[in-house]
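Contents: one structure, followed by commentary.
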Amino acid sequence: MMGYRLTRRPHLALIALSLWLIPCAAESVDESAARKAGEAAVKSVIPRKIDYHKLKFSLVPFGVKVKEITLSENERFANHPLRTWPFFARAQDVSLTADLLPLFIGRISVNDLAIQHFQANILVDKDYSLNIGDLLQQKRGPLMNWLRIKNFHATDGSINIVDATAAQGAAKLSFDNIDARFTGFAVKEKFNMDISLRTPQATQSNVSLRGMAGPLNSVKSNQMPIDGVLTVNDAPILPFLAYAPKNLTAYPVSGVASMKLQLKGNTWDGMSSQGGIQFENMVLAAPDGKQRGKAFSMGLDIGHNVFSLKRNSLDINNMAMTIHGNKMTVNGVVRGIPKQPVMDINLRANGLEPTKMEEVYPFVRAYLPKNLSYSGTTNLNIDAQGDTNNLTATGLLDSSALGVLLPEVFEKKQGSKLKVDFSAKLVPSQFTIKASAKVQGEDIKMLNARLFKDGLRAVLANRLTTKQLDNVFKTTEQLAISTVEGVMNYENNYIRLDNMQLKQLTDNQGIVADATVTGSLAVNSLLVRWDVNARLSKERSQQLVKIAPNLATLTDNEGRIPFAFKVEGYLDKELVVSLR
């Protein structure tokens, strides 16, 4: 996008200079008369004042040389508070040679147009209007249709951009070392282009755009077609952080970007891009600098993206994204560009390693229970819609190949089933999430099995001795859960379980019980409040009844003993089991 914008401005410069310089030479060497003739010719195309310091003519070959030429600022932006420059554009040296004969039949045929040591200043206001808007919207006069330039070459140039629309305050960017060359230029035809420049904070020229452009549109400059290759090498990304949304939990503190894209089309109707973008030495850190991730690389393999100002959209088609070795595929559309981008995308990944993602983005820990650990891979399929102020997401997480451990709660080995079907509402700019998920798991190990024995003891306290209970329910810290199924909600750093069903809790002697858990877990403090409804298995119930026949009155119609209790306390300290 930036590459395309930069290519349009030399066209305006060469058109203005050609229309202004040639009538100057054709009239006479009377500077005053030449200046008036030039200004009259160019006024219909360029609604700006043009001044110069020195003008020199030659007849063999026919040519004009100008020293220190300036182009005035757009009157609407003349008193803008962000404007700090005296002129919109200036050039130290301009020279032109042309064929004399075509002038007599109303045609302009320029052999060479050279501009040296030039500078332009671009200002984008908060309403997205530009100080070059009057130039872009100006209609082309009939004289333009007969303009031809065999060779145009602008060297040692710079473009300063001040953008008031940036989220973090006005962005101030300077692109220099600009070298722009066009050959075979004609308004109604295609022409060759070769442009290079240096991005902010780069040590050398690192951007090039080579290919074909044209023909020019008679009304809109952004409808000019381009068919070329845009190449960027090691462009520092920090100068562009002014465009990052406010209030994020992390921002880049280092990184460079490189890309090679095949561009085809125009930015109004649709500019397609294919190729790759690579970010290296990326490091994310919290705004206060207290937490930061490891350096990582990120690559984008662009299948066929299409950007359109007419539709204010970016279509994303089969774009592969690789972050720190994790590969994802993105499809969808981003609408409302550039003012209010809203995305509607699908994100898929197979074999994603969460541990690698946490290395580069450790801030995800804010969403997770303290002391939770994991290893292995997970698959995801997510649909997301919205922006940084309101984002909704639905999808499926298949973490069967992921091992997960939360001490004093559960352990899941790699290979056991765990699928999460979720929906969520996020506000990324405030780092808040409200989510609901249906959980399905198998072969998960409970690490606080003593809670069940303590709960059963509390219920049967007056009917059974501890020794009798120990004969049936051995003291153990672990129970294997055959299946887990239920709803888990997340909001404000609390996880709430709603009727989470734990089926076939088993020790080394067989099935012990089934249970349903409802309650909460505080992510940061590990404070739990659980209500547990359980039923001993038929076999264990019968064993207890055999030891204490008075328990027969407690059995249900399946011959099982139900018991209910509550658990309160901190997982990493002490839990208290009591009757409900």
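The values are calculated or read from the model by the stated rules, or taken from the named source; none is laboratory data. Note that the structure is predicted; figures quoted are calculated from it, not measured. With ideal geometry, Cβ positions are generated from the backbone for all residues, glycine too; neighbour counts draw on all protein chains shown. We work out accessible area using only protein heavy atoms, side chains counted, and drop any ligands, DNA or RNA first. Shrake-Rupley method; radii C 1.70, N 1.55, O 1.52, S 1.80 Å.
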Pop the C-beta distance of residue 65 and residue 389 into the FRET formula with R0 = 60 Å and round what comes out to the nearest 0.05. 0.60
Residues of the chain: accessible area per residue with a 1.4 Å probe, Å²: 48 Å²
Please give the FRET efficiency for residue 72 paired with residue 99, using the beta carbon to beta carbon distance and R0 = 25 Å, rounded to the nearest 0.05. 0.25
Can you compute the modelled spin-label distance between residue 92 and residue 414, with each label point 7 Å from Cα toward Cβ, in nm? 6.3 nm
Between residue 550 and residue 425, the two model label points (7 Å from Cα along the beta-carbon direction) sit apart by a distance in nm of 5.3 nm
Only one of the values (1) 156, 16, 14; (2) 33, 30, 27; (3) 74, 20, 18 was calculated from this structure for semi-axes √(5λ) of the Cα gyration tensor in Å; name its label. (3)
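State the extension gain, in nm to one decimal, for the chain segment bounded by residue 241 and residue 281, taking 0.36 nm per residue of separation less the distance between their alpha-carbons. It would help to have the intermediate numbers written out before the result.
Details: separation 40, 0.36 × 40 = 14.40 nm, distance 1.56 nm.
Extending this stretch completely gives an extra 12.8 nm.
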Can you give me the Cα centroid spacing of segment 55-131 and segment 381-440 in angstrom? 57 Å
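Nearest 5 is fine: what % of DSSP beta bridges in the chain come out antiparallel, could you say? Don't jump to the answer; show the numbers that get you there.
Numbers: 214 of 228 bridges.
Rounded to the nearest five, the antiparallel share is 95 percent.
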Hydropathy first: keep DSSP H helices in the chain averaging at least -0.5 on Kyte-Doolittle, then drop any whose Cα extent along the axis falls short of 18 Å, and list what survives. 2-27
Spin-label pair residue 288/residue 51, simplified geometry with 7 Å Cα→Cβ offset, distance in nm: 5.3 nm
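Tell me the carbon and sulfur percent of the accessible area for the chain, rounded to whole percent, probe radius 1.4 Å. Each step should come with its number before you reach the end.
Values: 14520 of 27960 Å².
Of all accessible area on the chain, carbon and sulfur atoms account for 52 percent.
In debye to the nearest 20, how big a dipole does the chain give about its Cα centre with +1 on each Lys and Arg Cβ and -1 on each Asp and Glu Cβ?
Details: 68 positive and 54 negative charges, 87 e Å.
About 420 debye.
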Using Cα positions and a limit of under 17 Å, work out the lysines in reach of residue 49, with same-chain residues fewer than 8 apart set aside. 36, 67
Take the alpha carbon atoms of segment 156-173, find their center, do the same for segment 196-258, and report the distance between the two centers in whole angstrom. 13 Å
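Looking at the square roots a ≥ b ≥ c of the eigenvalues of the Cα gyration tensor of segment 60-136, which shape do they give, rounded for a/c under 1.5, prolate if a/b is larger than b/c, or oblate?
Values: a/c = 3.76, a/b = 2.16, b/c = 1.74.
Because a/c hits 1.5 or more and a/b exceeds b/c, segment 60-136 counts as prolate.
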Where a Cα-Cα gap under 25 Å defines reach, which lysines qualify for residue 546, not counting those fewer than 8 residues away within the same chain? 453, 467, 474, 503, 538
Residue 264: which aspartates and glutamates have alpha carbons under 12 Å from its alpha carbon, excluding same-chain residues fewer than 8 sequence positions away? 227
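Can you tell me the FRET efficiency between residue 269 and residue 345 if r is taken as the Cβ-Cβ distance and R0 is 25 Å, rounded to the nearest 0.05?
Details: r = 23 Å, r/R0 = 0.90.
E(calc), rounded to 0.05, equals 0.65.
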